[in-house]
Amino acid sequence: MNVDEIRAYCLSFPDATENLQWGDDLCFKIGGKIFGTLALTAVPQKFCFKCTPEKFAELTELPDIRPAPYVGRYSWVILDRLDALGQSELEDLVRESYEMVAAKAAKPNRGRSKGKKAAAKKRQQRRSV
């Protein structure tokens, strides 16, 4: 797949968005969370996405695929060439990445909202004293 094909495929998912981040990396997101990145200025261009731990172990044994810098410990891989995988296999993996990230993005972040509420309550109590 080339950049245009990957971009079109990533944006075909419901509520998927894109933005340039970290210079010239095109990030594909769902609910504000990244499910894939394209390094546009790298030569050759690179593509990074999340996968299951089992698939991560399998993919990193293949040529031109390695753990992604900074996020490899979370089962993200980087393709050092866009043709490191066939189109149908890459599409399946990108869909799985989107689904895994979308599932996490959809969960309410209860811990943070409770923390914000508690902090606001403390501020209010200080003001009333």
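The values are calculated or read from the model by the stated rules, or taken from the named source; none is laboratory data. Computed from a predicted structure; not experimentally measured. Don't worry about glycine lacking a Cβ; one is built from the backbone with ideal geometry, like all the others, and counts go over all protein chains shown.
Identify all residues within region 15-56 that are out of contact with any strand residue (DSSP E or B) (no Cβ under 8 Å at 6 or more places or on another chain) and part of a loop (DSSP other than H, G, I, E, B); write none if there are none.
Within region 15-56, TRP22, GLY23, GLY31, GLY32, THR41, ALA42, VAL43, PRO44, THR52 meet the criteria.
Please determine, by comparing only the residues of region 1-37 that are closer than 24 Å to TYR70 by Cβ and among the small types (Gly, Ala, Ser), which one is modelled with the lowest pLDDT.
GLY23
Identify all residues within region 60-88 that are free of Cβ contacts under 8 Å to residues at least 24 places away in the same chain, over 17 Å from SER12 (Cβ atoms) and assigned to a helix (DSSP H, G or I); write none if there are none.
GLY72, ARG73
Within region 54-83, track down each residue that is farther than 16 Å from VAL94 by Cβ and of a type in the set (Ser, Thr, Tyr).
Once the filter is applied, which keeps residues that are farther than 16 Å from VAL94 by Cβ and of a type in the set (Ser, Thr, Tyr), region 54-83 yields THR60, TYR70, TYR74.
Go through (1) surrounded by fewer than 14 Cβ atoms within 10 Å (Cβ to Cβ); (2) over 22 Å from ALA105 (Cβ atoms); (3) among the acidic types (Asp, Glu) one by one and return the number of the condition ASP64 breaks.
Of everything listed in (1) surrounded by fewer than 14 Cβ atoms within 10 Å (Cβ to Cβ); (2) over 22 Å from ALA105 (Cβ atoms); (3) among the acidic types (Asp, Glu), ASP64 misses just condition (1).
Here's the yes/no breakdown for (1) of a type in the set (A, V, I, L, M); (2) without any contact (Cβ under 8 Å) to a residue 12 or more places away in the chain:
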{"site": "PHE13", "(1), (2)": "no, no"}
{"site": "ALA16", "(1), (2)": "yes, no"}
{"site": "GLY32", "(1), (2)": "no, no"}
{"site": "GLY36", "(1), (2)": "no, no"}
{"site": "VAL43", "(1), (2)": "yes, yes"}
{"site": "GLU54", "(1), (2)": "no, yes"}
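Tally time: how many residues in region 57-72 are out of contact with any strand residue (DSSP E or B) (no Cβ under 6 Å at 6 or more places or on another chain) and among the aliphatic types (A, V, I, L, M)?
Of the residues in that region, 3 qualify.
So TRP76 clears everything in (1) surrounded by fewer than 16 Cβ atoms within 10 Å (Cβ to Cβ); (2) aromatic (Phe, Trp, Tyr); (3) under 22 Å from GLU5 (Cα atoms) except one condition, right? Which one?
In the conditions (1) surrounded by fewer than 16 Cβ atoms within 10 Å (Cβ to Cβ); (2) aromatic (Phe, Trp, Tyr); (3) under 22 Å from GLU5 (Cα atoms), TRP76 misses (1) alone.
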